[in-house]
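Student: To start, I am sharing the structure in question, which I have written as structure tokens.
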């Protein structure tokens, strides 16, 4: 592959290496330069552009990524089509992620142009989770390199499906152990088993004594349990303690007592007639991730687990600060549902004081017969965004009154005076877990219509790595911006009265720009002059739809609110 600067006249047919922005147009990196682009570049007065040009022996980044991803994914995985040299692997079933580390290391050692990254091995995976990604670094690689890499790309990752579905839970009892503790433990255990599709087949409660417990273990095994979990009224502190002794009395054996994972140290791994028997540590009564999860899920998937395996968990075994949260999702994991996308929420930031307006609350000003903020919220409701979260702050009651009757989620930000970032944080935190992305909308941009919002959501494609979507016109970027869920944590860490421009710059490969017409994505009514321009653009009231009719009482409330300002 040839790479470097050339005059625009010599760039036709090449790939643009870096985005070009001028006052009149934008060419994104990776674009193929055609005759029209050459004319535009020359008209802009550019002396040269940096391009990549494939040679006869080269293959494109996407072609190579698709080829390698197809070979690397084993059972339970599908490869999404490559985009910008990246092909992601998604789980088509729930299970445990198994990785051939030697194969992964061999591929990554071959050439710096070819990379393959995975989640950590033995992670619990839900159907649809992204578990690995192939990334070709340059725009093209030699075909010979691709063939060598393909020869190494044997199935290196697979999803071991969950097989054990019937879990017996035995609780030992001592005076002072409240029934509600046992009931809560059962609820937590059901939640813990749900990702594996397993259920509690027996709920047995016996005194905390080895003879009675041994009988219970034998009984649930005889009645068809394929995994046994014992919650002791007292922790296991020795192999001669109640739970290990009961397992041995029932004919089983203890494989390991104690493990270098905290929380989870006091766990017992045992076996009886080929089924796992676990003595649960006290932390297993909590839903928070702990070492018990690591053992339980591998047992449910029938992934071999030995005492020496557990002994190797010390590095990374301190889990005290882990916060369990879902992994970024993009694919559905099902070929016949590959075009479906996760729902997108909308966050309308309506908390600011609007000091530049110099008096009245700009959000309540009339534009085309509707208050500014109501026009913004109605646009979100008319689009496909769901749910719509409205962040209030300054004059909370007045803003909520203007939006009365609309199906939105109100979130109040008492720290609104500390800057825009506090409202972004409040809004992101309120987005339900099922949403795959969020449109962050400014409450003072009344000309952003549902068409713009739908266009942004249509361009959002987590499978293809299109994770940040924003509107542009004449090379200028506007608002709102759509953010994939994997950026939510970073958005909550913004500070002060600044936006997320630095995040967009840091993740340029994930940015998709959507060309829009008109001033809607650029005009915020933060000054009297801007308000006048917005009113001039709106010749008629907002289009009617299911949410656009204000009642007489709401109109009166608006008039009263403005009279008080």
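Student: Output the antiparallel fraction of DSSP beta bridges having both residues in the chain, as a percent to the nearest 5. Don't skip to the end; give the middle numbers.
Tutor: Values: 55 of 95 bridges.
Taking every DSSP beta bridge with both residues in the chain, the antiparallel ones total about 60 percent.
Student: Pairs of alpha-carbon atoms within less than 8 angstrom and 6+ residues apart define the contacts here; what relative contact order does the chain have, in percent?
Tutor: The normalised contact order for the chain reaches 11 percent.
Student: Neighbour counts of other C-beta atoms within 10 Å: give me 421, 308 arranged from fewest to most.
Tutor: Values: 421 19, 308 8.
Neighbour counts put them in this order, fewest first: 308, 421.
Student: Separation of the range 495-530 and the range 117-133 by C-alpha centroid, Å?
Tutor: Centre-to-centre distance over Cα atoms comes out at 33 Å.
Student: Any chance you could give the angle, 0 to 90 degrees and rounded to 10, that helix 420-430 forms with the longest Cα principal axis of the chain?
Tutor: 40
Student: While we're looking at this one, here's another question. Which order, highest average first, do 12-22, 242-252, 256-266 follow once you tally other Cβ atoms within 10 Å for each residue and take the mean per peptide? The partial results should precede the final answer.
Tutor: Working: 12-22: 17.1, 242-252: 21.3, 256-266: 19.7.
The packing order, highest mean first, is 242-252, 256-266, 12-22.
Student: By how many degrees, between 0 and 90 and to the nearest 10, does the Cα long axis of helix 528-537 differ from the longest principal axis of the chain?
Tutor: 90
Student: Report the antiparallel proportion of the DSSP beta bridges in the range 376-522 as a percent, rounded to a multiple of 5. Each step should come with its number before you reach the end.
Tutor: Values: 9 of 19 bridges.
Of those bridges, close to 45 percent are antiparallel.
Student: If you take log10 I(q)/I(0) by the Debye sum over Cα atoms at q = 0.08, 0.13 Å⁻¹ from the coordinates, which of (1) -0.73, -1.22; (2) -0.61, -1.33; (3) -0.55, -1.27 do you get?
Tutor: Structure-derived value, by its label: (1).
Student: Ranking 134, 6, 51, 237 by Cβ neighbours within 10 Å, fewest first, what do you get? All intermediate terms of the calculation are to be shown ahead of the outcome.
Tutor: On the way: 134 28, 6 16, 51 23, 237 10.
Exposure proxy ranking, most exposed first: 237, 6, 51, 134.
Student: A further question on this structure: Helix 450-459 versus the longest principal axis of the chain: what angle, 0 to 90°, nearest 10, using Cα atoms?
Tutor: Value to nearest ten degrees: 50.
Student: Taking the Cα atoms of the range 59-161 alone, what are Rg (to one decimal) and Dmax (as a whole number) in Å?
Tutor: Cα-based Rg and Dmax for the range 59-161 come out at 12.6, 37 Å.
Student: Let me ask something additional. Just to compare against my own numbers: the Cα pair-distance distribution for the range 122-249, 10 Å bins, whole % per bin, please.
Tutor: Calculated over all Cα pairs of the range 122-249, the distribution is 10, 29, 24, 13, 10, 10, 4, 0 percent.
Student: Neighbouring Cβ atoms within 10 Å as the yardstick, rank 299, 227 fewest first.
Tutor: Values: 299 26, 227 23.
Fewest to most other Cβ atoms nearby, the residues stand as 227, 299.
Student: In Å and from the alpha-carbon atoms only, list the Rg and Dmax of the range 341-564.
Tutor: For the range 341-564, the Cα-based Rg and Dmax read 16.4, 51 Å.
Student: Now for a different question. Let a ≥ b ≥ c be the square roots of the eigenvalues of the Cα gyration tensor of the range 2-53; is it rounded (a/c under 1.5), or, if not, prolate (a/b larger than b/c) or oblate? List each step's numbers first, then the result.
Tutor: Values: a/c = 1.55, a/b = 1.34, b/c = 1.16.
Prolate, because a/c is 1.5 or more and a/b exceeds b/c.
Student: Related question: Using only the Cα atoms of the range 166-311, build the gyration tensor, take square roots of its eigenvalues as a ≥ b ≥ c, and label the shape rounded, prolate or oblate: rounded if a/c is under 1.5, else prolate if a/b is larger than b/c, else oblate.
Tutor: Values: a/c = 1.16, a/b = 1.07, b/c = 1.09.
Since a/c stays below 1.5, the shape of the range 166-311 is classed as rounded.
Student: Looking at the square roots a ≥ b ≥ c of the eigenvalues of the Cα gyration tensor of the range 362-452, which shape do they give, rounded for a/c under 1.5, prolate if a/b is larger than b/c, or oblate? List each step's numbers first, then the result.
Tutor: On the way: a/c = 1.62, a/b = 1.08, b/c = 1.50.
Verdict is oblate for the range 362-452.
A short reminder: the numbers here are calculations on the coordinates, not readings from a lab. Please read these numbers as outputs of a predicted model, since none were measured by experiment. We place every Cβ from the backbone using ideal geometry, glycine too, and count neighbours over all the protein chains shown.
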